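Below is one structure; the comments refer to it alone.
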Amino acid sequence: MVIQPTPFCNIDCSYCYLSERDKPVHLPFSILKSIYTACFNNSHLGSPITFLWHAGEPLTLPVDYYRSAFELAGECNDFPKRPYDHYIQTNGMLLNDKWIELIKSYNVEIGVSIDGPSFIHDRVRRTRRGTGTHDEVMKGVKLLQSSGIKFNSIAVLTAESLNYPDEIFDFFYENEIHDIGFNIDEIEGPYKTSTFQNDCDGRYRSFILRFLELVEHNEWKMKVREFQGIFSTLCGPNFGTFVDSTNYPLGVINFDYSGNFSTYSPELLGARSERFNNFFMGNILKDKLDDISSNNVFQAVTEEIQRGLNACKSSCQYWGFCGGGPPANKFFEHGQLDTTETVSCRVHKKILVDAVLEYAEAPLSK
């Protein structure tokens, strides 16, 4: 369950896809109560339920907001007492002792967005005044670490980042950030271009090969989401049946601060589309979550996504590692959901898989 408590963000990343990040509004508890109630009482949802507080910077709302929000979850789950957890994705700049107390009290899982050393991070993750944010993020990271709170990190790669695999690895390793995932700057929302559109395939491959080498040389102490995903797919019992939760109906359910909801890629909710009513598939104050399958937007979106998945499956040898990819990439890049390859797919899936396989097979040729 991706919950947007506010679209507002305290910084202004150059690759951000959020069109309302200047809007200082928040999700009212009256709507949140309806969200909780619908989720806890929905028999179609698996357990445990994860409430991912994301989209905008969640920590721009006060600590007491979340204390009340987390208490409300317990009240709404009085019956049938379903297991659930909370996860916050943050830029880390606003962390302080009060946040640490809250995180510990409610066993909140944390993800921190940081793009590597300051000379890389501060080029793109800047304040509204144009200054770098790295120092403040690292204060938050050190506070989490000194408090014994485990967290993972997400680093967004740009074409510029590809020049510095050693520096990026050294930064994460030396700062004891050993659980990372890579994204690339994607064409999404108001962000209409990607630095990976311009002949970066070979450089991205070289970056991945070098990063793999560094991880192996350091005894695989660093957990890289992309590497683990590919190796587990290769070695797992269900190879060839990869499922991407963002293109699977109800794999992800998204709620904005007004109670509008959708499924599929979270980035689609509220995206400008007259054809798909901005991807609104209901509002929790007047529509039942169970009725989403009869919603006209849901049906139209699902049909078009499925056409795209069928096309991917019949034409692409990477299907077993991808499962068709996020529909948001297809929509923002092509304006429709039934297409196949995107920049993100070509680079961050196909070239990634090729590089990992090349690295894994290299010892066999010696």
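The values are calculated or read from the model by the stated rules, or taken from the named source; none is laboratory data. If you're wondering where the values come from, they're calculated on a predicted model, not measured in any experiment. Every residue, glycine as well, gets a Cβ built from its backbone with ideal geometry; the counts of neighbours run over all protein chains shown.
Here are the numbers for this structure:
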{"quantity": "Failed item in (1) part of a helix (DSSP H, G or I); (2) aromatic (Phe, Trp, Tyr); (3) over 19 Å from residue 6 (Cβ atoms), with residue 79 passing the rest", "calculated": "(1)"}
{"quantity": "Candidates 103, 114, filtered to the one that is of a type outside the set (Ser, Thr, Tyr), closer than 16 Å to residue 145 by Cβ, surrounded by 15 or more Cβ atoms within 10 Å (Cβ to Cβ) and touching a residue at least 60 places away in the same chain (Cβ under 8 Å)", "calculated": "114"}
{"quantity": "Residue match in the stretch 267-282 (condition: in a loop (DSSP other than H, G, I, E, B), modelled with pLDDT of 95 or more and hydroxyl-bearing (Ser, Thr, Tyr))", "calculated": "yes"}
{"quantity": "Scope the stretch 314-340; condition in a loop (DSSP other than H, G, I, E, B), touching a residue at least 24 places away in the same chain (Cβ under 8 Å) and over 16 Å from residue 246 (Cα atoms); matching residues", "calculated": "316, 318"}
{"quantity": "The listed residue being loosely packed, with under 15 Cβ neighbours inside 10 Å and either in a helix (DSSP H, G or I) or modelled with pLDDT under 95 (or both), out of 240, 229", "calculated": "240"}
{"quantity": "Matching option when the condition is surrounded by fewer than 18 Cβ atoms within 10 Å (Cβ to Cβ), in contact with a helix residue (DSSP H, G or I) (Cβ under 7 Å, 6 or more places away or on another chain), assigned to a helix (DSSP H, G or I) and at negative phi, among 68, 14, 30", "calculated": "68"}
{"quantity": "Residues that are under 17 Å from residue 351 (Cα atoms), in contact with a Lys or Arg (Cβ under 8 Å, 6 or more places away or on another chain) and in a strand (DSSP E or B), drawn from the stretch 157-190", "calculated": "181, 182"}
{"quantity": "Residue list for the stretch 50-77, restricted to those being of a type in the set (Ser, Thr, Tyr) and farther than 21 Å from residue 37 by Cβ", "calculated": "60"}
{"quantity": "Odd one out for residue 212, checked against (1) modelled with pLDDT under 95; (2) not in a loop (DSSP other than H, G, I, E, B); (3) not polar (S, T, N, Q)", "calculated": "(1)"}
{"quantity": "Set 283, 277, 310, 296: member being touching a strand residue (DSSP E or B) at 6+ places or on another chain (Cβ under 7 Å) and surrounded by fewer than 19 Cβ atoms within 10 Å (Cβ to Cβ)", "calculated": "283"}
{"quantity": "Residue within the stretch 256-265 that is of a type outside the set (D, E, K, R), touching a residue at least 12 places away in the same chain (Cβ under 8 Å) and assigned to a helix (DSSP H, G or I) present", "calculated": "no"}
{"quantity": "All positions within the stretch 191-204 that are in a helix (DSSP H, G or I) and of a type in the set (A, V, I, L, M, F, W, C)", "calculated": "196"}
{"quantity": "Scope the stretch 46-65; condition part of a loop (DSSP other than H, G, I, E, B) and surrounded by 16 or more Cβ atoms within 10 Å (Cβ to Cβ); matching residues", "calculated": "54, 55, 56, 57, 61"}
{"quantity": "Boolean, residue 264 is among the aromatic types (Phe, Trp, Tyr), buried (at least 17 other Cβ atoms within 10 Å of the Cβ) and under 21 Å from the mean Cα position of the chain (by Cα)", "calculated": "yes"}
{"quantity": "Evaluation of residue 136 against (1) closer than 27 Å to residue 350 by Cβ; (2) buried (at least 17 other Cβ atoms within 10 Å of the Cβ) (one fails), failing number", "calculated": "(1)"}
{"quantity": "Selection within the stretch 180-201 - under 24 Å from residue 89 (Cβ atoms), crowded, with 16+ Cβ neighbours inside 10 Å and not small (Gly, Ala, Ser)", "calculated": "180, 182, 183, 184, 185, 186, 187, 188, 191, 195, 196"}
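Condition check ((1) in contact with a strand residue (DSSP E or B) (Cβ under 6 Å, 6 or more places away or on another chain); (2) part of a loop (DSSP other than H, G, I, E, B); (3) closer than 23 Å to residue 256 by Cβ; (4) modelled with pLDDT of 95 or more) across all residues:
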residue	(1), (2), (3), (4)
72	no, no, yes, yes
75	no, no, yes, yes
94	no, yes, yes, yes
100	no, no, no, yes
